[in-house]
Amino acid sequence: MAKRKAFITGITGQDGSYLAEILLEKDYEVYGMIRRSSSFNTARIDHIFGDVELVFGDLTDGSVLNRLMRTIQPDEVYNLGAQSHVQVSFEIPEFTADTTGMGTLRLLDAIREEGVRCRFYEAGSSEMFGKVLETPQTEATPFYPRSPYGVSKVFGYWITRNYREAYGMYAVNGILFNHESPRRGPTFVTRKVTRAIGAILRGEQDELRLGNLEAKRDWGFARDYMEGAWQMLQAEEPDDYILATGETHSVRELLDEAFGYVELDWNKYVKIDERYFRPSEVDLLLGDASKAREKLGWEPRVRFPELVRMMVDHDRERRHTEEHYV
């Protein structure tokens, strides 16, 4: 029996690297799309480099997406590629919309045009809820995005549902709340904190500049969430699911947990910097993943304290590859 083929956009990112590992463990043939660059940003997948097939492409290039769907004929497509940084999306809103929003449309249309019989996963985001209209957020909670990134993800969500309903495609949205790991990019607040702790312990840094310490997030472990993404495509019928821990913690609590773990007082190191405040803030995100639990049997395994300690332990040691994590 031939191996199932999976195609992943964003394979060099945090989520893509974990998903590729999971699929290889399940004996898939894994194809990953990467953008051409003068430097290879493959640090997160170097350990499986020889086991995956990397192909050049870009979510802004519809013609290459058509060709890749036609030639690979995947059984499952995971769209994880995006300009995924919320703060940066205010600086480059058009590029964010073109990759994160229109990129989803181009990929869906490539699948449709080439007649590929596959199952499609769209990486949604809790940022779609933005200025939340109810707490906790469920699959029925109205969207109110507060950034160009969030707006772009809402477009990706609705175009995925539209192609499912208009063309009968097996297409699902995974609405994932914040998920972190030692592979998280260094500009995201969790990794920024744990990297700073490592640098402070090594005597390389004496302050950490942050923005809003009161923002609350539902933080889980990225690998757990990629297991959930795979589970969504194994269900009999396509549907949309939230993945979340059901717990919320503030950035201040993150500092308490991370610095407390290494017996440091974060008040001696943290400086509030106005540059890190967003033009429109998202104050509270808290997800209800009961639908995924009931229909898919999905549960988050790693909880907040364990996640923070895992990341601190990683960043206590200098990693020669981590500067390439973007």
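Select from the range 192-220 the residues that are charged (D, E, K, R) and under 17 Å from Phe277 (Cα atoms) and write down the one among them that is surrounded by the fewest Cβ atoms within 10 Å (Cβ to Cβ). Outline the logic, then answer.
Narrowing the range 192-220 to residues charged (D, E, K, R): 192, 195, 202, 204, 206-207, 209, 214, 216-218.
Then drop every residue that is not under 17 Å from Phe277 (Cα atoms), which leaves 192, 209, 214, 216-217.
Details: Lys192: 16, Arg209: 14, Glu214: 11, Lys216: 19, Arg217: 25.
Filtering the range 192-220 for residues that are charged (D, E, K, R) and under 17 Å from Phe277 (Cα atoms), the one surrounded by the fewest Cβ atoms within 10 Å (Cβ to Cβ) comes out as Glu214.
So, of the residues in the range 160-195 that are among the small types (Gly, Ala, Ser) and touching a Phe, Trp or Tyr at 6+ places or on another chain (Cβ under 7 Å), which turns out to be modelled with the lowest pLDDT? Before the answer, list the steps.
The first filter runs over the range 160-195 and keeps only residues among the small types (Gly, Ala, Ser), leaving 166, 168, 171, 174, 181, 185.
With the extra rule that they be touching a Phe, Trp or Tyr at 6+ places or on another chain (Cβ under 7 Å), the set shrinks to 171, 174, 181, 185.
Values: Ala171: 98, Gly174: 98, Ser181: 98, Gly185: 92.
Filtering the range 160-195 for residues that are among the small types (Gly, Ala, Ser) and touching a Phe, Trp or Tyr at 6+ places or on another chain (Cβ under 7 Å), the one modelled with the lowest pLDDT comes out as Gly185.
Out of the range 58-75, which residues are at negative phi, in a loop (DSSP other than H, G, I, E, B) and not acidic (Asp, Glu)?
Applying the first criterion (at negative phi) to the range 58-75 yields 58-72, 74-75.
Now restrict to residues that are in a loop (DSSP other than H, G, I, E, B): 58-61, 74-75.
Once the filter is applied, which keeps residues that are at negative phi, in a loop (DSSP other than H, G, I, E, B) and not acidic (Asp, Glu), the range 58-75 yields Leu59, Thr60, Pro74.
Name every residue in the range 300-309 that is under 18 Å from the mean Cα position of the chain (by Cα) and either farther than 24 Å from Asp240 by Cβ or surrounded by 13 or more Cβ atoms within 10 Å (Cβ to Cβ) (or both), in order of residue number. Step through it out loud before you land on a result.
The initial filter retains those residues of the range 300-309 that are under 18 Å from the mean Cα position of the chain (by Cα), namely 300-304, 307-308.
Selection gives Pro300, Val302, Arg303, Phe304, Leu307, Val308.
Among the residues of the range 1-53, which ones are within 16 Å of the chain's Cα centre (by Cα), assigned to a loop (DSSP other than H, G, I, E, B) and small (Gly, Ala, Ser)?
Answer for the range 1-53, where residues must be within 16 Å of the chain's Cα centre (by Cα), assigned to a loop (DSSP other than H, G, I, E, B) and small (Gly, Ala, Ser): Gly10, Gly13.
The rows are residues; the columns are (1) touching a Pro at 6+ places or on another chain (Cβ under 6 Å); (2) modelled with pLDDT of 95 or more.
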position: Ser39; (1), (2): no, no
position: Leu65; (1), (2): no, yes
position: Pro74; (1), (2): no, yes
position: Gly81; (1), (2): no, yes
position: Leu108; (1), (2): no, yes
position: Glu113; (1), (2): no, yes
position: Met128; (1), (2): yes, yes
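Among the numbered conditions (1) surrounded by fewer than 21 Cβ atoms within 10 Å (Cβ to Cβ); (2) in contact with a strand residue (DSSP E or B) (Cβ under 9 Å, 6 or more places away or on another chain); (3) within 27 Å of Gly246 (Cβ to Cβ), tell me where Tyr170 comes up short.
Evaluating Tyr170 over (1) surrounded by fewer than 21 Cβ atoms within 10 Å (Cβ to Cβ); (2) in contact with a strand residue (DSSP E or B) (Cβ under 9 Å, 6 or more places away or on another chain); (3) within 27 Å of Gly246 (Cβ to Cβ) leaves (3) as the failure.
Can you find, within the range 68-98, the residue that is surrounded by the most Cβ atoms within 10 Å (Cβ to Cβ) among those that are among the hydroxyl-bearing types (Ser, Thr, Tyr) and within 19 Å of Ile175 (Cβ to Cβ)? Don't jump to the end; show me each part of the working.
Step one: list which residues in the range 68-98 are among the hydroxyl-bearing types (Ser, Thr, Tyr), which gives 71, 78, 84, 89, 96.
Narrowing further to those that are within 19 Å of Ile175 (Cβ to Cβ): 78, 84, 89, 96.
Details: Tyr78: 30, Ser84: 23, Ser89: 24, Thr96: 25.
So the residue we want is Tyr78.
What residue, among those in the range 234-289 that are among the β-branched types (Val, Ile, Thr) and not in a loop (DSSP other than H, G, I, E, B), is nearest to Ala199 (Cα to Cα)?
Of all residues in the range 234-289, those among the β-branched types (Val, Ile, Thr) come to 242, 245, 248, 251, 262, 270, 272, 282.
Cutting the leftovers down to not in a loop (DSSP other than H, G, I, E, B) gives us 242, 251, 270, 272.
Working: Ile242: 35, Val251: 19, Val270: 13, Ile272: 19 Å.
Selected residue: Val270.
For Asp218, which of the numbered conditions (1) of a type outside the set (S, T, N, Q); (2) out of contact with any Gly (no Cβ under 7 Å at 6 or more places or on another chain); (3) farther than 26 Å from Leu107 by Cβ fails to hold?
Just one mismatch for Asp218, condition (2).
Quick test of your reading of the structure: His85 fulfils all but one of (1) farther than 15 Å from Tyr18 by Cα; (2) at pLDDT 95 or above. Name the failing condition by number.
The number of the failed condition is (2).
Quick one: Tyr78 ticks every box in (1) touching an Asp or Glu at 6+ places or on another chain (Cβ under 9 Å); (2) within 18 Å of Asp239 (Cβ to Cβ); (3) part of a helix (DSSP H, G or I) bar one, so which box is it?
(3)
From the list Arg202, Arg161, which residue is of a type in the set (Lys, Arg) and in the same structural domain as Ser126 (by TED's automatic domain parsing)? Write out each step before concluding.
Numbers: Arg202 fails: in the same structural domain as Ser126 (by TED's automatic domain parsing).
Matching residue, one of Arg202, Arg161: Arg161.
Restricted to the range 114-151, and to residues that are of a type in the set (Gly, Ala, Ser) and touching a strand residue (DSSP E or B) at 6+ places or on another chain (Cβ under 9 Å), which residue is farthest from Gly101 (Cα to Cα)? Give the steps one after another, and end with the answer.
Residues of the range 114-151 that are of a type in the set (Gly, Ala, Ser), as a first pass: 115, 123-126, 130, 140, 147, 150.
Still in the list and also touching a strand residue (DSSP E or B) at 6+ places or on another chain (Cβ under 9 Å): 123-126, 150.
Values: Ala123: 11, Gly124: 10, Ser125: 12, Ser126: 15, Gly150: 10 Å.
Taking the candidates together, the pick is Ser126.
Could you pull out the residue among Ala235, Ala229 that is assigned by TED's automatic domain parsing to the domain that holds Pro142 and either crowded, with 20+ Cβ neighbours inside 10 Å or under 23 Å from Gln87 (Cβ atoms) (or both)?
Details: Ala235 fails: either crowded, with 20+ Cβ neighbours inside 10 Å or under 23 Å from Gln87 (Cβ atoms) (or both).
Only one candidate qualifies: Ala229.
Would you pick out the residues in the range 135-162 that are basic (Lys, Arg), crowded, with 20+ Cβ neighbours inside 10 Å and under 21 Å from Asp239 (Cα atoms)?
Quick first cut of the range 135-162, residues basic (Lys, Arg) only: 146, 153, 161.
Remaining after also requiring crowded, with 20+ Cβ neighbours inside 10 Å: 146, 153.
Within the range 135-162, just Lys153 meets the criteria.
Give all pairs with beta carbons closer than 8 Å in which a residue from the range 47-73 that is under 16 Å from Gly10 (Cα atoms) and in the same structural domain as Ala123 (by TED's automatic domain parsing) meets a residue that is among the aromatic types (Phe, Trp, Tyr) and loosely packed, with under 15 Cβ neighbours inside 10 Å; count only pairs at least 6 apart in sequence or on separate chains.
So the pair list comes out as Val64/Phe56.
The values are calculated or read from the model by the stated rules, or taken from the named source; none is laboratory data. In this text the structure is predicted, and so the values were computed from the model without any measurement. For neighbour counting, all protein chains shown are included, and Cβ atoms are generated from backbone atoms with ideal geometry for every residue, glycine included.
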